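The values are calculated or read from the model by the stated rules, or taken from the named source; none is laboratory data. Since the structure is predicted, the reported quantities are computational estimates derived from the model, not experimental observations. Glycine also receives a Cβ, built like all others from the backbone with ideal geometry; neighbour counts cover every protein chain displayed.
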Amino acid sequence: MEKEVNDYLTSLFKNIQPYVLTPDEKKAVARNKIGFILEKLSRKKFRRRKLSENRRKDIENKIKISVQENRPIHFNITFGAYKHFWSDSHPEPDWAEVFSFRYLTEYVLPVLAVYEPGVILEYISEGVIMTRMDNYPSKSLERYSEIFTKIIAWYNELCPKNLELRYLRVEDKCDGDKIIETIEKMLPERKKEFDKLSDQEKEQELHRSNRSIMWNGEKDLTLLTEEEKYQKKIDSRLVELAYYDVEARPEFLGDYLEEDNHILILTSFGTTPDNDTYDDLTLGSTFGSIVDFWVGKGVLEYHDNKFTPNIISKDQLEKFKDKIETVNVNPQILPYKNYQTIDVITHKYD
């Protein structure tokens, strides 16, 4: 299988084929290019949440701005900029990150075919809060960013010329220490509001914290009592929610995520009740997954004589551990530590 895997990965990244329009699509572009682009960005094949009419109109307006001013259509993808500690690739990226790049490339290929200024995919790191929120070591976060920057550069050499991937760290655009300081001031009042919730509501709020905190990270929290750990979970969730409010203040990111012609893309967060407030464009992380690339593991599925890139969770990996074959990968494809092998799941799963 090694040769087949290497041939597939080489083709996947080094032979990205342009989108070929049908005769009917060419006519549609001639009639209404903006409408055609909107249709392709709205297609169900990629979405994981229904697109509301208000969000659809918002995306249409941003396409219009781009076309009228002959600028690339600009997408922002916010993410934690860390590798979850459960992953054997921690603290560095693995195949999940580059499968995300490739999936979003597939998403925008029709746009690249009809709009010469093309597309910007900007990955925005919110790692500024990860040490404070979930106890991730600052050195691990720096290492992740270092390698993520390199694989962005690698991919930009391979992708279509009118597609550009970018990487922005929030703390490079504004004062990260000030963000943390502002959040700290908000926590006492937010804790009072949390205490008013029912037990069921509290449990729902803490769902993400239960799996996110690195107990032995920047600090050793393993010796905390059960009550102290519970309070840490609450603290983690309150920091997360406060961050979303703080980052949008004018002295920090302001409206950058969705200002001007910027369109925000969400993956798993977009499928949660949290997104009911924001109603943002929600896509998969790959065709068969909504597992975020920074908390998941990139693998290949192999069935019906076909390879499919996927991003799987810890539970999924455990479920199919007996169906996994680890295959060596040609280091010339991507010359970093976590890209010298890849796990292939030889069993179809839902």
### Query
within 21 Å of Y339 (Cβ to Cβ), of a type in the set (V, I, T) and crowded, with 19+ Cβ neighbours inside 10 Å - does that describe any residue in region 91-98?
yes
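Would you tally the residues in region 89-113 being under 21 Å from L9 (Cα atoms) and in a loop (DSSP other than H, G, I, E, B)? Talk me through it step by step, then tell me what you get.
Going residue by residue through region 89-113, those that are under 21 Å from L9 (Cα atoms) are 89, 92-109.
Those still in the list that are in a loop (DSSP other than H, G, I, E, B) too: 89, 92-94.
Total satisfying the criteria: 4.
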### Task
Would you check which residues across region 273-289 are at pLDDT below 90 and either assigned to a loop (DSSP other than H, G, I, E, B) or β-branched (V, I, T) (or both) and list them?
P273, D274, T277, D279, D280, F287, G288
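Can you pull out every residue in region 146-172 that is closer than 29 Å to V111 by Cα and either assigned to a helix (DSSP H, G or I) or β-branched (V, I, T) (or both)? Show your work before the answer.
Here is the first cut: in region 146-172, the ones closer than 29 Å to V111 by Cα are 147-170.
Of everything in region 146-172, those that are closer than 29 Å to V111 by Cα and either assigned to a helix (DSSP H, G or I) or β-branched (V, I, T) (or both) turn out to be I147, F148, T149, K150, I151, I152, A153, W154, Y155, N156, V170.
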### Task
Only residues that are touching a helix residue (DSSP H, G or I) at 6+ places or on another chain (Cβ under 7 Å) and of a type in the set (S, T, N, Q): list them for region 4-51, please.
S42
### Query
Which condition number does P137 fail, the rest of (1) surrounded by fewer than 17 Cβ atoms within 10 Å (Cβ to Cβ); (2) farther than 26 Å from K14 by Cβ; (3) in contact with a Ser or Thr (Cβ under 8 Å, 6 or more places away or on another chain) being met?
(1)
### Query
When region 119-145 is examined, which residues are found to be outside any helix (DSSP H, G or I), farther than 28 Å from Q332 by Cα and charged (D, E, K, R)?
E126
### Message
Considering only residues that are within 22 Å of the chain's Cα centre (by Cα) and touching a residue at least 60 places away in the same chain (Cβ under 8 Å), which ones fall in region 308-330?
### Response
P309, N310, I311, K314
### Summary
Counted residues in region 55-77 being at pLDDT below 95 and among the polar types (S, T, N, Q) come to 0
### Task
Name every residue in region 122-138 that is of a type in the set (G, A, S) and either closer than 11 Å to G80 by Cβ or under 16 Å from the mean Cα position of the chain (by Cα) (or both), in order of residue number.
S125, G127
#### Entry: Candidate set from region 230-247 (those that are of a type in the set (A, V, I, L, M, F, W, C) and more than 19 Å from the chain's Cα centre (by Cα)); member that is farthest from I120 (Cα to Cα)
I234
### When residues of region 178-208 are limited to those that are surrounded by 14 or more Cβ atoms within 10 Å (Cβ to Cβ) and hydrophobic (A, V, I, L, M, F, W, C), the one nearest to K232 (Cα to Cα)
L206
### Summary
Sole miss for C174 among (1) at pLDDT below 95; (2) under 20 Å from the mean Cα position of the chain (by Cα) is condition (2)
### Task
Within region 303-317, identify whether any single residue is modelled with pLDDT of 90 or more, in a strand (DSSP E or B), in contact with a strand residue (DSSP E or B) (Cβ under 9 Å, 6 or more places away or on another chain) and more than 24 Å from Y144 (Cβ to Cβ), and answer yes or no.
yes
